[in-house]
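*Asks:* Below is a structure I'd like to ask you about.
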Amino acid sequence: MSRLIYYFDRMLLAGAPVSRWLNILLIFVGALGALGLVPGHWLTAVLCALLLAGFFWLRHHWRSRDYVQFQEAPLPQITPQALAPSDKVPIHATGYFTVEGKSERFTWLQGYFRTFATREHAVICLVQPKLTLMAQWPEKDVGMWYVFFFPRSVRHVRYGTVSFGRKTQPCVAVEHEIHIPKKGRFSRERTLQETVVLASDTEADSLRILADLIHDTHAEEEEEKPPQPAPTPSPNGQVNVPIGATRRLD
C-alpha cells in the first residue's frame, strides 16, 4: 500500500498528482450521490466520504514516514572498518535530498553510498523518468540527487530492516543535521535534523556501511582519550616507572 500511495503522490496526470485526481473523483461521485443523480443516493455519498477520509489518513500516515516502515534491531557487534574512497556500496535511499540549491524528499532511490578521503559521507542517487499509463514522473525531479554529511553532523546511527511496499531489506538509518543557509531578506538560517535510510540488497553491504559509520565514532573516542603521562626521570638519570605499570616475567 505504501508504494502505491507514494506513486499516487509523486506521479503527475495532466500536471497534477494522481492522488489529487482521485480526491476530485471521490468528491464528484459523492456529490452526485447526494443529489440523487447516481444509484445508491445517500449510501453512495457516505461511501465516497468514508473512502476520501480513509485515503487522506493513509496518505498522511505514510507521508510522515517517507512511505517506508523502519523496524529497528539491536546494533550488531562489528569491527569498525573505514571504506576506501573508491568503494561504492549499492543502496536504495530514502530521505531528504538536495542538488544545486533545490531540495526534495524521495523514497527508495537507487544509487550508492561512499565515503571520501576527507571522511565526508555521500549518498548519490539517480531519479529516472517514469511513465505509467498516462501518468509520469515530474520532469523537474529527473537527474542526480545527493545527501552529504560529515561525522560531526551525525547524531545517531540505527540498524534494522525497512519495508517499501512488498520489499523488505536490511538497512542503516542515519540521523544527521542539515544546515540551511539564509536565502533572501525574509528567510533565516536553519538547522534541521533529518534521517536518511540506506537499504541494501544484502546484509553484508549494510554491515559495510555500518562499520564505516562506526569507524568515525571509534576514531573520535580515541582522540578524546587523555594522553598517558610520560615517565618522570629520577635525579640519577634513571626513569621512575609507576608500580602499576610493571609486571612479573617469571
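Where a number appears in this text, it was derived from the coordinates with a stated rule and is not lab data. This structure is a prediction, so every number in the text was calculated from the model and none was measured. Because the Cβ atoms are built from the backbone with ideal geometry, glycine has one as well, and the counts that use them run over all protein chains shown.
*Asks:* What longest range of the chain stays clear of loop-exposed trypsin sites (Lys or Arg not before Pro) (DSSP non-H/G/I/E/B, at most 10 other C-beta within 10 angstrom)?
*Replies:* 1-165
*Asks:* Additional query: Once segment 93-226 is represented by equal point scatterers at the alpha-carbon sites, with solvent omitted, what log10 I(q)/I(0) does the Debye formula produce at q = 0.17, 0.21, 0.22 Å⁻¹?
*Replies:* Relative scattering, expressed as log10 I(q)/I(0), comes to -1.00, -1.34, -1.41.
*Asks:* In terms of modelled amide H atoms, which long-range or inter-chain residues lie less than 5 Å from the amide H of Tyr159?
*Replies:* Sorted by chain and number, the residues that satisfy this are Ala73, Ala173.
*Asks:* Semi-axes of the equivalent ellipsoid of segment 2-63: what are they in whole Å, largest first, if each equals the square root of 5 times a C-alpha gyration tensor eigenvalue? It would help to have the intermediate numbers written out before the result.
*Replies:* Values: eigenvalues 121, 36, 8 Å².
Rounded to whole Å, the semi-axes are 25, 13, 6.
*Asks:* Within the chain, what's the longest stretch lacking GluC sites (Glu not before Pro) that sit in DSSP loops with no more than 14 other Cβ atoms inside 10 Å?
*Replies:* Numbers: sites that count: Glu100, Glu120, Glu189.
Result for the longest clean stretch: 1-99.
*Asks:* With r as the distance between the Cβ atoms of Ala31 and Leu131 and R0 = 45 Å, compute the FRET efficiency 1/(1 + (r/R0)^6) and round to 0.05. Could you put the intermediate results ahead of the total?
*Replies:* On the way: r = 32 Å, r/R0 = 0.70.
Working from the Cβ atoms, E equals 0.90.
*Asks:* Just in segment 159-220: which chymotrypsin sites (Phe, Trp or Tyr not before Pro) are loop by DSSP and have at most 16 other Cβ atoms within 10 Å?
*Replies:* Working: sites: Tyr159, Phe164, Phe186; in loops: Phe186.
Answer in residue order: Phe186.
*Asks:* Then there is this: How high is the relative contact order of segment 2-63, in percent, counting Cα pairs under 8 Å that sit 6 or more residues apart? Please list the in-between numbers first.
*Replies:* Details: 55 pairs, mean separation 16.6, N = 62.
The normalised contact order for segment 2-63 reaches 27 percent.
*Asks:* Determine the calculated [θ] at 222 nm for the chain from helices alone, applying -39500 (n - 2.57) to every DSSP H run no shorter than 4 residues and normalising by the residue count; nearest 500 deg cm²/dmol. Kindly include the intermediate steps, with their values, before the conclusion.
*Replies:* Details: 4 runs with 70 residues, N = 250.
That calculation yields -9500 deg cm²/dmol at 222 nm.
*Asks:* I've got another one for you. Looking at this model, which pairs from Lys102/Lys183; Lys102/Lys182; Lys88/Lys140 are more than 19 angstrom apart at the alpha-carbon? Present the calculation step by step, with values, prior to reporting the outcome.
*Replies:* Numbers: Lys102/Lys183 12 Å; Lys102/Lys182 14 Å; Lys88/Lys140 27 Å.
In this structure, Lys88/Lys140 exceed 19 Å between Cα atoms.
*Asks:* Mind giving me the nanometre distance, one decimal, between the label points for Glu139 and Glu104, set 7 Å out from Cα along Cα→Cβ?
*Replies:* About 1.3 nm separates the two model spin labels.
*Asks:* Mean separation of Cα pairs under 8 Å and 6+ residues apart, divided by the residue count of the chain: what relative contact order is that in percent? Working shown, then result.
*Replies:* Working: 418 pairs, mean separation 42.1, N = 250.
Computed value for the chain: 17 percent relative contact order.
*Asks:* If you stretched the chain out fully between Leu12 and Glu120, how much longer would it get, using 0.36 nm times the residue separation minus the C-alpha to C-alpha distance? It would help to have the intermediate numbers written out before the result.
*Replies:* Details: separation 108, 0.36 × 108 = 38.88 nm, distance 3.52 nm.
The span from Leu12 to Glu120 would gain 35.4 nm if fully extended.
*Asks:* At each listed q (0.15 Å⁻¹), what is the log10 of I(q)/I(0) that the Debye formula gives for the chain modelled as equal alpha-carbon point scatterers?
*Replies:* Here the Debye-derived log intensity ratios amount to -1.10.
*Asks:* Decide, for segment 1-113, between rounded, prolate and oblate: order the square roots of the alpha carbon gyration tensor eigenvalues as a ≥ b ≥ c, take rounded if a/c falls under 1.5, and otherwise choose prolate if a/b is larger than b/c, else oblate. If you can, show how the numbers build up before the last one.
*Replies:* On the way: a/c = 4.82, a/b = 2.49, b/c = 1.94.
Prolate.
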